[in-house]
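For reference, the structure discussed in these notes is given below.
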Amino acid sequence: MEYRFDIANQVLIFVVLSLSLNLLIGYAGQVSLAHAAIAGIGGYAAAKLAIANGMDFVPSLVLATLMAAAAGAFLSVPALRLTVQHLILLTLAAAVVLVTIANSTRDLGGAYGLVGMPVPSIFGKSLAKPSQFFWFLLCVSAICALLYWRLADSPYGRVLRALREDELAARAVGKNVFVYKVQVFALASAMAGLMGALWAYYLRLASPVQFNVTQSLLLVTMVIFGGMGSLLGPVVGAALIVVSSPILEKNLDIGAEKAALIRLVIYGAALVVLMRLRPEGLIPEHFSFRRALARLGLPLPGAGAAAGQQSPPPAAGAADPAAPAGPGQPDAGIDIAARTPVVTVEGLRKAFGGIVAVDGVDLALRERVVTGLVGPNGAGKTTLFNLLTGVIPPDGGTIRLKGKDITGMTPDAIARLGMARSFQDVRLFLRMTVLENVMLAYSRHPGEHLPLLLGAPLATSRAERRARELALECLSFVGLVDKAGMLAGGLSFGEQKLVAIARLLATGADVLLLDEPISGVDPQWVDRVALVIRALPAQGKTVCVVEHNLYALGQLADHCYFMESGRITAEGSLQELMADPRLIAAYFGA
Amino acid sequence: MNDEKGYWDRFFERRLSRRHLMRLGALGAAGLAAGAYLACGGEEGTPATGTPAPRAGAVDLSKLNEWVGPGGPQAGQGQTIKLGVILALTGPGSYYGQIMTKGTDLGVEHVRAAGGPNFQVIYKDHKSGDVTAGATAARELVNDGVQIILSSYGAVLGSILPVIQPAKVLALDGGGGTSQIWKRQDYFWGTRAVIPDDTFNGVAQYIRRKLPNARRIASVGWDVGPANDPVIAYLKQVLAANNMELVAEERVQIGATDYSTTLARVRGTNPDVILTGLWGLDPGYFMKQYVTSGMRAQVVGAEFTPDACQVAGAAYDQYWFAFDYFDLEKPFNPWSKLFIDAFRQKYNQDPDFYAANFYEKVFIVWELVRRVLSRNQPITGENLQNALKQNPTFKSLYGGDANNVGTITFDLEEHDVDKLQVIGKVSGCKPRVVAKMNRERLLEVLD
Amino acid sequence: MGTQGSDGIVLQLERVRAGYGGRPVVFDVSLQLRRGSVVALLGHNGAGKSTTLRAIVGLARVHAGAVLLDGRDIANRPCEENIRDGLVYLPQERAVFGELSVRDNLLLGAQVVKDRQAREQRLERVLTLFPVLRERWAQPARTLSGGQQRMLSVGIALMAGAKVLLLDEPSLGLAPAVAQSLMNTIRELVKSEGLSVLIVEQNLRLALDLAQYLYILRMGQLVLEGPPQELEEQHQLWQLF
């Protein structure tokens, strides 16, 4: 019996370690090869505190957890601006450094590690035997798993996945990716540190080999094996890998010496086979047990309104009234100059090397006006949007939003202040559902903030309902309610553009910058989209549109700027601009 | 002009998705597989066990009882006793694991033939120093009801002790011995000299005799953290007593293959002799690079194994070694000769010091079993240890003479043994004993 | 180059069912493309137009049916073999090599063209069509604006010396003037080189101007086909999909 408890203990420790690593890799897309080393910080801290300071079991666990969390947060700081491949190198280096320090520091016991840890005990009860340790470990693991589940399967986890999919797009809908990265590193590290401390107490020593790079790679393998970004995947992956070696040793009657080698071969082969057959791991991210049951022809408990089934057909019927004659003209009557400018740009300049992309631009986006930005390819329109939304810093000039100088602010801060943008190349979160894409844009969601997520579950679920309603509303605006449950990556390009508009609407921003919202959208929807945009000023929105489809722009824009070679060279209504032969020549060539 | 991100940034953002991570995982698996390959590589040094079944009767076992004591039911004949063995079966140290396995198996065979108990050996792998594997192995053995464990590797011992001590299971280590840090541990006894400490007196005296001008001694040893400290302190003390001084103390990573920076630093101190505390293949790599360094100091290592010599090649001809070497050329005593013959016959290869130690340990265990049974006590770790404490002297393959087998005696305080040790030289990967010594002094100089 | 059908059909799809993984997106699509003609594939977003093109060129899996190039079934053949046989595909995304210069991008497109003179000639035509590429000749492609990158990817496709050109929304993101002159160039190539073009285009006016025959897809199935004039007379084109 003790033997089984021993294996169960190892399984639990590795399950929680790989769950915490999955938060990093599978959800936030932050690949770390230092996870075992971080666990080692917890392990060594607990060992040192227990041996040198005679600290009790529980307080040393708490301190070890906190120290690992701090180390994780510290590690995340250089990671903030790194791309994935650099992050891998950084964490690998960090792991090697940590193990080397442990190996060569006298006070940490060098290669032999810290030995002679006391038998852990809680409420005077000894946890010396595997079976005694098991129940305590089970409780701790259950708490960790609950926390993991609460984080992963929540608005918070949704933001993490958005981070993984497209950091810039996540910032564009107002998510402060830095805060999330630091948090997720600290959280995952805390869990790892706790498990490292328990692992040390279980073996009653903390030594470098327990926490070296091979162990980190093993953890990564467990996560991949089970399925990255899936709730249960790492549990299965870790359990299978830990259990496989005793099973192989017991059942293959070939001696430990050969079994150890065969096990490595079996791991390798299994990983290769898995990559071929189930590239997303044993339990892929969007695996649903209900669907799997359905495929097997088994009855579903409470089947029915599963995600995104029947909803009104999007096509002709829904769009009917104004099409195809065109959704009417902009209000000829409005006095543009009388409207307050919401966004004012003065002397904005940006050069890339020798090319001056934006060269002293002045413009104003006025309240509840749709402003068009026209000009030949390469005129600097997208660069202007990037400057306005803080994606790139300007070389000179100022940008004011509602009177506040926002020059040099971060994209997410600008988005939270009420100016959001869509991208020419769409930038949806492809491995998330359409509904999730739009729900992400819902601002001030308490469930996206750790303390509120954990402390105010009711407010969170209320907000989640509101976010869902809002998202569905925005999706029905663009006629894609029936695709709500689909992965965004499965949509056609035109559909993705529409979802992007829905996402932009859901941000609730007052100033919307649309980069080619219509190109790639089919003609039937062109009018629909134009109608949607046309309706925005009535809702108090200020809009700026870059678009080459002049037919559509003509229906949309109250006012247009003509941009060429980085400068604004004309402004007025589209008709006025297109009446100027010079502009026609610049734009239409001939 | 939308270069807000570089191409590679975009590339990785978009493409470094699951599939790439899978590749990363595969890399990890490849790493593990490479480890496995290394483990296989260790076998090359030792000719395969492809000989036909042992020719029974070819080795005369009839004298065995005369040397090591009587067999029969009162000595455990007919009883099955579990014997746990935790070795480096895989990984870079798998040479040790294999040679120790062979010594153990032969010992078990001979004990049975001499009318002793039937030892049921349960082998466990500590993967060449993985403490997790070591602790797990120990726990599994304890859970299996094993009362006696033979182990190797000092680093692993730290993970085994917390398991065996509360369970009161006796452990003997003939691989690394107690070294300095594992002395005086309840239920743990080392059956090998304290290495390299126990060679220091003899080596210093031998150097004084053979290299009278040598004053400056350098030390290059495995970095095992704080465990180095008492060793170095003792070395300084011994050197001072012999009018020598320690001019360099270099620590290197276990398993290192590149010693260029170490050698450069050592050269700066201009030593006359370099003592190395390196094991496994490491002294082979060290010597290979040392001979090209231009230094003329004499290297005295802490071990000789044929596979390290294969790494070094001709460079090993300049290598001296000092440890509790098991002499194949001139067997210490008749039992040693029998062991060598039987080993060669069974495995078609030469035994080494490690094989001899593990063979010998099986006989120590048998002696303990015999004593416990003679008192009608059950075979438990506690009873076995008490039997050891009551009379710490055992028959040994080491020492003795042409007619008498040798003995070893455990130090009841320190839990270690003072074993016969030798200084040796190498030519063409053939080792040759040039001096014998014990922990205190040089006993005999042959060359 | 192979046996060409006597009726001048270069590319023919017979009841093709295609999709990604195990899931078909396009069902029983049959169509024909004659030498020296332009055929347009129309339909709303997600109707399966892009998938059809990708199935032809070998980037989506053909589950059933045949894809005949010069009468030979090329279904599920590796993409690079198709390109070598003159079947060239312009994807909808910006398909440029960001770190390579504009020049290297274009020359990569001409990799399969052996004849140096033909290569120079094509290069000249692409640069005439998109003068901005000449200005940006030595710069890395990633520094181009979105629209310019689009021009470059069209340019790469034109460099390949295609026999059959599959274009997925070539006018996407191009200013009207540029889009119009691109269509003119295509028309010219069709006339002078006997190029055959299968085009997916959202810009109906451009498509109707260019194509001699239309296929209309809806929910992955062909619902209507015919010459543009005929279809325009019979239906309000908007309502077709």
Point to revise | Condition met for C:Arg15 (more than 27 Å from C:Ile186 (Cα to Cα) and within 14 Å of chain A (Cβ to nearest Cβ)) | key: no
Check your understanding: So, in the stretch B:348-385, of the ones that are among the hydroxyl-bearing types (Ser, Thr, Tyr) and either buried (at least 20 other Cβ atoms within 10 Å of the Cβ) or within 19 Å of B:Asn333 (Cα to Cα) (or both), which residue ends up farthest from the chain's Cα centre (by Cα)?
Key -> B:Tyr359
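Tell me, which residue of the stretch B:210-220 that is surrounded by fewer than 21 Cβ atoms within 10 Å (Cβ to Cβ) and not in a loop (DSSP other than H, G, I, E, B) is nearest to the other protein chains (Cβ to nearest Cβ)? Give the steps one after another, and end with the answer.
To start, the set of residues in the stretch B:210-220 that are surrounded by fewer than 21 Cβ atoms within 10 Å (Cβ to Cβ) comprises B:210-216.
With not in a loop (DSSP other than H, G, I, E, B) added as a condition, the list becomes B:210, B:216.
Working: B:Lys210: 33, B:Arg216: 26 Å.
Result: B:Arg216.
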Point to revise | Members of the stretch A:85-100 that are within 11 Å of chain B (Cβ to nearest Cβ) and free of Cβ contacts under 8 Å to residues at least 12 places away in the same chain | key: A:Gln85, A:His86, A:Thr100
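Per-residue answers, yes or no, for (1) in a helix (DSSP H, G or I); (2) surrounded by 24 or more Cβ atoms within 10 Å (Cβ to Cβ); (3) within 25 Å of the chain's Cα centre (by Cα):
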site: A:Ile7; (1), (2), (3): yes, no, no
site: A:Val11; (1), (2), (3): yes, no, no
site: A:Val16; (1), (2), (3): yes, yes, yes
site: A:Leu21; (1), (2), (3): yes, yes, yes
site: A:Gly26; (1), (2), (3): yes, yes, yes
site: A:Ala39; (1), (2), (3): yes, yes, yes
site: A:Ala46; (1), (2), (3): yes, yes, no
site: A:Ala50; (1), (2), (3): yes, yes, no
Check your understanding: Taking A:Met275 and the conditions (1) more than 21 Å from A:Gly489 (Cβ to Cβ); (2) at pLDDT below 80, which numbered condition does it fall short on, given that it satisfies the others?
Key -> (1)
**Study point:** Number of positions in the stretch C:130-157 that are buried (at least 19 other Cβ atoms within 10 Å of the Cβ) and more than 10 Å from chain A (Cβ to nearest Cβ)
**Key:** 10
Check your understanding: Within the stretch A:343-377, how many residues turn out to be under 24 Å from A:Asn549 (Cα atoms), among the basic types (Lys, Arg) and either part of a strand (DSSP E or B) or over 34 Å from the mean Cα position of the chain (by Cα) (or both)?
Key -> 1
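Is it fair to say A:Leu160 is touching a helix residue (DSSP H, G or I) at 6+ places or on another chain (Cβ under 9 Å), more than 11 Å from every other protein chain (Cβ to nearest Cβ), exposed (fewer than 14 other Cβ atoms within 10 Å of the Cβ) and in contact (Cβ under 8 Å) with a residue 60 or more places away in the chain? I'd like the intermediate steps shown before the answer.
Details: touching a helix residue (DSSP H, G or I) at 6+ places or on another chain (Cβ under 9 Å): yes; more than 11 Å from every other protein chain (Cβ to nearest Cβ): yes; exposed (fewer than 14 other Cβ atoms within 10 Å of the Cβ): no; in contact (Cβ under 8 Å) with a residue 60 or more places away in the chain: yes.
No, not satisfied.
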Exercise for review: Out of B:Leu384, B:Leu443, B:Leu412, report the one residue that is at pLDDT 90 or above, of a type outside the set (D, E, K, R) and part of a loop (DSSP other than H, G, I, E, B).
Suggested key: B:Leu412
**Study point:** Looking only at the stretch A:444-478, and only at residues there that are touching a residue at least 60 places away in the same chain (Cβ under 8 Å) and of a type in the set (A, V, I, L, M), the one that is surrounded by the most Cβ atoms within 10 Å (Cβ to Cβ)
**Key:** A:Ala467
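It is to be established whether one or more residues within the stretch B:267-289 are within 14 Å of chain A (Cβ to nearest Cβ), touching a helix residue (DSSP H, G or I) at 6+ places or on another chain (Cβ under 8 Å) and at pLDDT below 90.
Here is the first cut: in the stretch B:267-289, the residues within 14 Å of chain A (Cβ to nearest Cβ) are B:277-280, B:282.
Checking which are touching a helix residue (DSSP H, G or I) at 6+ places or on another chain (Cβ under 8 Å) leaves us with B:277-278, B:280, B:282.
Add one more test, that the residue is at pLDDT below 90, and what stays is B:280.
Yes, the stretch B:267-289 has at least one match.
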Practice item. Please work out if A:Gly375 is out of contact with any helix residue (DSSP H, G or I) (no Cβ under 7 Å at 6 or more places or on another chain) and among the small types (Gly, Ala, Ser). Key: no
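Among the candidates B:Val266, B:Val238, B:Val247, single out the residue that is in a strand (DSSP E or B) and either touching a residue at least 24 places away in the same chain (Cβ under 8 Å) or more than 20 Å from the chain's Cα centre (by Cα) (or both). Full working, then the answer.
Details: B:Val266 fails: in a strand (DSSP E or B); B:Val238 fails: in a strand (DSSP E or B).
Answer to the check: B:Val247.
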**Study point:** Some residue of the stretch A:172-184 being in contact with a Ser or Thr (Cβ under 8 Å, 6 or more places away or on another chain), within 14 Å of chain B (Cβ to nearest Cβ), under 30 Å from A:Met439 (Cα atoms) and in a helix (DSSP H, G or I)
**Key:** yes
**Study point:** Failed item in (1) within 14 Å of another protein chain (Cβ to nearest Cβ); (2) in a loop (DSSP other than H, G, I, E, B); (3) crowded, with 24+ Cβ neighbours inside 10 Å, with A:Ala441 passing the rest
**Key:** (1)
Check your understanding: Which pairs do you get when a residue that is assigned by TED's automatic domain parsing to the domain that holds A:Val529, found in the stretch A:547-567, comes within reach of a residue that is among the aromatic types (Phe, Trp, Tyr), reach meaning Cβ atoms under 8 angstrom, with the pair 6+ apart or on two chains?
Key -> A:Phe562/A:Tyr587
Check your understanding: Do any helices (runs of 4 or more DSSP H) lying entirely in the stretch A:476-589 carry at least 1 residues that are over 26 Å from A:Ala413 (Cβ atoms), away from every other protein chain (no Cβ under 14 Å) and modelled with pLDDT under 90, and which ones are they?
Key -> A:523-534, A:550-556, A:574-578
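Select from the stretch A:212-236 the residues that are more than 10 Å from chain B (Cβ to nearest Cβ) and part of a helix (DSSP H, G or I) and write down the one among them that is surrounded by the fewest Cβ atoms within 10 Å (Cβ to Cβ).
Start the filter on the stretch A:212-236 by keeping residues that are more than 10 Å from chain B (Cβ to nearest Cβ), which leaves A:226, A:230-236.
Then keep just the ones that are part of a helix (DSSP H, G or I); that gives A:226, A:233-236.
On the way: A:Gly226: 28, A:Gly233: 27, A:Pro234: 34, A:Val235: 23, A:Val236: 19.
The residue in question is A:Val236.
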Exercise for review: Only residues that are modelled with pLDDT of 90 or more and away from every other protein chain (no Cβ under 14 Å): list them for the stretch B:152-190, please.
Suggested key: B:Leu170, B:Ala171, B:Leu172, B:Tyr187, B:Trp189, B:Gly190
Point to revise | Residue that is surrounded by the most Cβ atoms within 10 Å (Cβ to Cβ), among those in the stretch C:8-60 that are in contact with a Phe, Trp or Tyr (Cβ under 8 Å, 6 or more places away or on another chain) and either over 23 Å from C:Ala207 (Cα atoms) or aromatic (Phe, Trp, Tyr) (or both) | key: C:Ala60
**Study point:** Residue list for the stretch B:221-247, restricted to those being surrounded by 18 or more Cβ atoms within 10 Å (Cβ to Cβ) and of a type in the set (Phe, Trp, Tyr)
**Key:** B:Trp222
Study note, to complete from the structure: The condition of being in contact with a Ser or Thr (Cβ under 9 Å, 6 or more places away or on another chain) and either basic (Lys, Arg) or within 14 Å of chain B (Cβ to nearest Cβ) (or both) holds, among A:Ile38, A:Ile13, only for A:Ile13
Review point. Given the conditions (1) assigned to a loop (DSSP other than H, G, I, E, B); (2) in the same structural domain as B:Gly175 (by TED's automatic domain parsing), which single one is not true for B:Ala356?
Key: (1)
Check your understanding: Take the residues of the stretch B:304-326 that are modelled with pLDDT under 90 and part of a loop (DSSP other than H, G, I, E, B): which is nearest to B:Thr257 (Cα to Cα)?
Key -> B:Thr305
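Just checking, does the stretch C:32-46 include any residue being β-branched (Val, Ile, Thr), within 15 Å of the chain's Cα centre (by Cα) and farther than 30 Å from C:Thr143 by Cβ? Outline the logic, then answer.
Just the residues of the stretch C:32-46 that are β-branched (Val, Ile, Thr), to begin with: C:38-39.
So of that shortlist, the ones also within 15 Å of the chain's Cα centre (by Cα) come out as C:38-39.
Then drop every residue that is not farther than 30 Å from C:Thr143 by Cβ, which leaves C:38-39.
Looking through the stretch C:32-46, at least one residue is β-branched (Val, Ile, Thr), within 15 Å of the chain's Cα centre (by Cα) and farther than 30 Å from C:Thr143 by Cβ.
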Review point. Is the stretch A:404-422 home to any residue that is under 24 Å from the mean Cα position of the chain (by Cα), buried (at least 20 other Cβ atoms within 10 Å of the Cβ), within 14 Å of chain C (Cβ to nearest Cβ) and not in a strand (DSSP E or B)?
Key: yes
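The values are calculated or read from the model by the stated rules, or taken from the named source; none is laboratory data. Remember, it's a predicted structure, so these values are computed and weren't measured experimentally. Heads up, the Cβs are rebuilt from the backbone with ideal geometry, glycines too, and the neighbour counts pull from every protein chain shown.
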